[in-house]
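Here is the structure we will look at.
The values are calculated or read from the model by the stated rules, or taken from the named source; none is laboratory data. Since we're looking at a predicted model, the values are computed, not measured. Counting neighbours? That spans all protein chains shown, and the Cβs are built from the backbone with ideal geometry, glycine included.
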């Protein structure tokens, strides 16, 4: 199926993987696909998302708030409630054991960092299949970013929906804005 993806859609998937890694996630979900699509500027999907207040920085913040960051990262505020000053603990540990002594890595826990491509969640896989259906329904030869966005929106529920909802957007609002943009593009 990926051979049918346009350069724009491929870039969105690659950017989704990079975003997932950056957030410390070991998977690519619909939320990461949304972010990947938003990062490819001057495309219908990115333009629609940005016009609705769901640009890359907005989505990144919403993903962390809805899904959470990697659980391996300590929360200084939560530790502060317990009377633990993370900066002071880090300073003392590095003084005694060297720089980076408290950095938790997957390797340090006996886990190898993910190599190669991260796995897609079942819902992300389904969204990509729905993107193919959207492209076929529109009689398009390739799967573009807007098809991937429609694939995400066409699911009943996924973390992409939750992220959009967190930003005050419904899947239907985004879908309507995307269809309006595509109709304008076709008329031009």
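State all residues of region 18-27 that are touching a residue at least 60 places away in the same chain (Cβ under 8 Å) and either surrounded by fewer than 18 Cβ atoms within 10 Å (Cβ to Cβ) or under 17 Å from residue 46 (Cα atoms) (or both); if no residue qualifies, say none. Once the filter is applied, which keeps residues that are touching a residue at least 60 places away in the same chain (Cβ under 8 Å) and either surrounded by fewer than 18 Cβ atoms within 10 Å (Cβ to Cβ) or under 17 Å from residue 46 (Cα atoms) (or both), region 18-27 yields 21, 26, 27. Residues in region 123-150 that are more than 17 Å from residue 36 (Cβ to Cβ) and either surrounded by 23 or more Cβ atoms within 10 Å (Cβ to Cβ) or not assigned by TED's automatic domain parsing to the domain that holds residue 41 (or both): 135 alone.
Within region 158-188, if we keep just the residues that are free of Cβ contacts under 8 Å to residues at least 24 places away in the same chain and assigned to a loop (DSSP other than H, G, I, E, B), the residue that is nearest to the chain's Cα centre (by Cα) turns out to be 170.
One line per residue, one yes/no per condition, for (1) modelled with pLDDT of 95 or more; (2) touching a helix residue (DSSP H, G or I) at 6+ places or on another chain (Cβ under 8 Å); (3) on the phi > 0 side of the Ramachandran plot:
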position	(1), (2), (3)
23	no, yes, no
34	yes, yes, no
87	no, yes, no
98	no, no, yes
